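The values are calculated or read from the model by the stated rules, or taken from the named source; none is laboratory data. This one's a predicted model, so the numbers in the text were calculated from it and none came from an experiment. Neighbour counts run over all protein chains shown; Cβ positions are idealised from the backbone, glycine included.
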Amino acid sequence: MTIGQNRWLPHVILILGIIVFVFPIYLTFIGSTHTAPTIARGQMPLTPGDQIVQNYEQALFSGRGERVTGTPATILLRNSTIMALTIVVGKITISLLSAFAVTFFSFPGRMFFFWMIFITLMLPVEVRMIPTYAVMANIGWIDTFAGLTIPLIASATATLLFRQFFLTIPDELVDAAQIDGAGAMRFFWSVLLPLSRTNIAALFVIMFIYGWNQYLWPLIVTTSRSRETIVIGIVKMIGSGESATDWNLIMSVAVLALLPPVIIILLMQRWFVKGLVDPEK
């Protein structure tokens, strides 16, 4: 009997944790199906309302509520998707190549450059904001997709993770590739990349969510609505008081903002878990 109770206890704790985590998201969805006055009066029920189509149409195509006018969610979703995917592809590409260089090549200052990359982990992002913004302003990249994404592409964390994985590759595999006549890039493309696919998948999910949730840098570098990301768009929809806020519109955009990361995680869940926990990639 004790063993059975012990088996149920972890499940009960997990179910309670899921309820605590999911309930605010459920309330957000419910709010997106009611009118703004219903939410403002505190009379929102726990069941969906009849305004779901109207609210999501407003959020997607006009961004205009009863009190506040925001950027249409289609523009916000486009900008966030471009930003997140550019950051992901850039981070993984640069990190793979830099880890490949410091692991398999011998050149003067190799470890110095690696430690310089590693030291950047100790610098908070906020410390780099002002000089980075000054550089973007000098080259005319303010309020551009280049200025929005390129400063966030370099990743010391991904470089370190790929380097540690490359160090586990047997020397015999490297020697065999050399005997077969494979050059450096052929070895990288035909051997390292296939072996790194689960690591790449795990980092893809992590970096996509990192890029999607960026707030401070887009807030600084964007000046027009055509470049706003969805996180910035949600914040700017909030008025100066309860009576000046279309909570139904905000909640609709918030639900839409949740969908792309959730879809990415669901599609890549198996690879993501394998990349984190499987010792045999």
Which of the residues belonging to the stretch 146-171 are β-branched (V, I, T) and either farther than 22 Å from V127 by Cβ or part of a helix (DSSP H, G or I) (or both)? T149, I150, T157, T159, T168, I169
Selected residue (only one of V102, V68, V53, V89 is surrounded by 12 or more Cβ atoms within 10 Å (Cβ to Cβ) and under 28 Å from P24 (Cβ atoms)): V68
Which of the residues spanning the stretch 72-113 are in a loop (DSSP other than H, G, I, E, B) and in contact (Cβ under 8 Å) with a residue 40 or more places away in the chain? F105
Residue that is under 22 Å from the mean Cα position of the chain (by Cα), surrounded by 12 or more Cβ atoms within 10 Å (Cβ to Cβ) and part of a helix (DSSP H, G or I), where the choices are V127, V174, V191, V205: V205
Kindly evaluate R197 against the criterion of being in contact (Cβ under 8 Å) with a residue 24 or more places away in the chain, of a type in the set (K, R), more than 30 Å from P48 (Cα to Cα) and buried (at least 20 other Cβ atoms within 10 Å of the Cβ). no
Determine, yes or no, whether T223 is within 30 Å of M136 (Cβ to Cβ) and either surrounded by 14 or more Cβ atoms within 10 Å (Cβ to Cβ) or free of Cβ contacts under 8 Å to residues at least 24 places away in the same chain (or both). no
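Considering each of V221, V231, V262 in turn, give the residue that is in contact with a Ser or Thr (Cβ under 9 Å, 6 or more places away or on another chain), modelled with pLDDT of 90 or more and in the same structural domain as M44 (by TED's automatic domain parsing). Reasoning before the result, please.
Numbers: V221 fails: in the same structural domain as M44 (by TED's automatic domain parsing); V262 fails: in contact with a Ser or Thr (Cβ under 9 Å, 6 or more places away or on another chain).
Among V221, V231, V262, only V231 is in contact with a Ser or Thr (Cβ under 9 Å, 6 or more places away or on another chain), modelled with pLDDT of 90 or more and in the same structural domain as M44 (by TED's automatic domain parsing).
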